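Okay, so here's the structure we're looking at.
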C-alpha cells in the first residue's frame, strides 16, 4: 500500500511540475532576454512586448499596407495607413530570389500614415521579395521589376 501511494504521489508531483507554463521575453531583434516559469511571473519588458504585440494585432493588417506600383520600373513605395499605435516600430527587408538582403528600412511611426520608398533601378529585371516585420507580425509581397 505504501508503494502504491508513493507512486501516485510521485506521478502527481511530476505532472504538476511539467504543467507549469514557461514564458519567454524577446527584444525587438528577436533575441530571448528572459525565461519565466509560471504564468504569474512576468518581466516588465515581457509585459511591454506582449502589450505592443496585441496593440499591433489590433492596428495593422495586410489591408492597411499597399505596395505600388507593382510591377515596377525601379522605384516603388510601401504605404502603411491607419497606424494608431504611437510606439510602432518595425523593419522592411527587400530580398532577391536567392535570399540576399538588398535593403533594410526601419519603421518608426509618429503619425497615422507612413511611406517607405525603395529603388530597384540598379537591379536586374525579375522578382524580389519584400518583407515587413512589426512585432511578431510578418507581411510578405512579391515585387516584380519589368
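The values are calculated or read from the model by the stated rules, or taken from the named source; none is laboratory data. Only a predicted model underlies this, so the values are computations on that prediction, with no experimental measurement involved. Here Cβ is always computed from backbone atoms with ideal geometry, including for glycine, and neighbour counts include all displayed protein chains.
When you look at residue 113, is it out of contact with any helix residue (DSSP H, G or I) (no Cβ under 8 Å at 6 or more places or on another chain), over 30 Å from residue 33 (Cβ atoms) and at pLDDT below 85, yes or no?
So residue 113 fits the description; yes.
Yes or no, residue by residue, for (1) modelled with pLDDT under 70; (2) in contact with a helix residue (DSSP H, G or I) (Cβ under 9 Å, 6 or more places away or on another chain); (3) surrounded by fewer than 13 Cβ atoms within 10 Å (Cβ to Cβ):
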residue: 77; (1), (2), (3): no, no, no
residue: 85; (1), (2), (3): yes, yes, no
residue: 89; (1), (2), (3): no, yes, no
residue: 92; (1), (2), (3): no, no, no
residue: 103; (1), (2), (3): no, no, no
residue: 108; (1), (2), (3): no, no, yes
residue: 123; (1), (2), (3): no, no, no
residue: 129; (1), (2), (3): no, no, no
residue: 136; (1), (2), (3): no, yes, no
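Say we look at the range 110-121 and pick out the residues that are free of Cβ contacts under 8 Å to residues at least 40 places away in the same chain and surrounded by 16 or more Cβ atoms within 10 Å (Cβ to Cβ); which of these is farthest from residue 68 (Cα to Cα)?
Residue satisfying both the conditions and the ranking: 114.
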